[in-house]
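As structure tokens, the structure follows; a few thoughts come after it.
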Amino acid sequence: MALSIGVIGAGTMGRGIAETALVSGFSVILLDTSPEIAARGVAGLKKSLERGVERGRITRESMDDMLGRLTPGTDLSLLKDCSVVLEAVYEDPDVKSSVLTTVSQIAGSETLIGTNTSSLSISRLARKVASPERFVGIHFFNPVPVMKLVEIIPGENTSSSTVSRARELALAMGKTPVVVKECPGFVVNRLLCPLMNEAAYLFMEGVASAEDIDTAMKLGANHPIGPLALADLVGIDVLLAIMEVLHSEMGDDKYKPCPLLKEMVAKGHLGRKTGQGFYSYGP
């Protein structure tokens, strides 16, 4: 039987992690707070695999095999026999802490527990985890099936063997791991989110249109996607949350979130996932 990975959170990141694990040969338990949300996660995952079949990347038989290794649900007790549990819930320290406390009580003592946080302190989250030496940040990037990088972030109590296991897991899932010292935003978001935030300031100040800002960075800096289109892909709410953490933790106004981000979140304009961000998208 394939190694079993539990994924908590069936949203964009959770189902992307689940899909990547299935493609890599693992069995996956995908959980969320309600059967409806879990079912939506499975539907999104299946749609992604269907696209893989249509484009000839995988066969229909392999897709059926993957779906046969997927168990969706809501009951955290399903995680008790998992070798690895990856938490991928909303970027809120209270929500994550609550989930991690329960998971660490249910999972076996040797279970590797990882959090997919994009900016929160691993050491603070570890305070809610029984046996924190087995807890580590394992930060995937969106879209998970495509993006090759995984940041491995040890907390102050994370053991060296846990770091090694996390690296091995990332490699087994076809990713390239980098080990990052714990700090606000880690490496990628510490660099990338201020870029997107500054692009939002440029747009808010009327310096250029969203299209021209993105074209300037694609052609002038050789970026594959412009910062505002990327913000829509990441999620305006996620970008705002990360900037708020950076601003609070670093105590430097160069990380102050652009007011436009707060306005957009208040209006529900969160980017691709809601159909409206800096750009408009279809249903």
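Listed values, structure above:
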| item | result |
| --- | --- |
| Matching residues in the stretch 159-189 - criterion: being β-branched (V, I, T) and either closer than 18 Å to E19 by Cα or not in a loop (DSSP other than H, G, I, E, B) (or both) | T162, V163, T176, V178, V179, V188 |
| Members of the stretch 26-62 that are part of a strand (DSSP E or B) and hydrophobic (A, V, I, L, M, F, W, C) | V28, I29, L30, L31 |
| Count - residues of the stretch 118-128 that are surrounded by fewer than 24 Cβ atoms within 10 Å (Cβ to Cβ) and under 21 Å from C82 (Cα atoms) | 2 |
| Residue in the stretch 86-101 that is touching a Phe, Trp or Tyr at 6+ places or on another chain (Cβ under 7 Å), assigned to a strand (DSSP E or B) and assigned by TED's automatic domain parsing to the domain that holds N157 present | no |
| Residue match in the stretch 72-85 (condition: assigned by TED's automatic domain parsing to the domain that holds L171, part of a strand (DSSP E or B) and over 30 Å from G185 (Cβ atoms)) | yes |
| Candidate set from the stretch 41-66 (those that are within 11 Å of R15 (Cα to Cα) and among the hydrophobic types (A, V, I, L, M, F, W, C)); member that is surrounded by the most Cβ atoms within 10 Å (Cβ to Cβ) | L45 |
| Qualifying residue in the stretch 212-221 (condition: in contact with a helix residue (DSSP H, G or I) (Cβ under 8 Å, 6 or more places away or on another chain), surrounded by fewer than 21 Cβ atoms within 10 Å (Cβ to Cβ) and not hydroxyl-bearing (S, T, Y)) | yes |
| Every pair of residues 6+ apart whose Cβ atoms lie under 7 Å, when the first sits in the stretch 79-96 and is farther than 15 Å from I122 by Cβ and touching a residue at least 60 places away in the same chain (Cβ under 8 Å) while the second is in a strand (DSSP E or B) and hydroxyl-bearing (S, T, Y) | D81/S4; C82/S4; S83/S4 |
| Residue list for the stretch 56-95, restricted to those being β-branched (V, I, T) and within 16 Å of L30 (Cβ to Cβ) | T71, T74, V84, V85, V89 |
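The values are calculated or read from the model by the stated rules, or taken from the named source; none is laboratory data. Model, not experiment: these values are computed from the prediction. We place every Cβ from the backbone using ideal geometry, glycine too, and count neighbours over all the protein chains shown.
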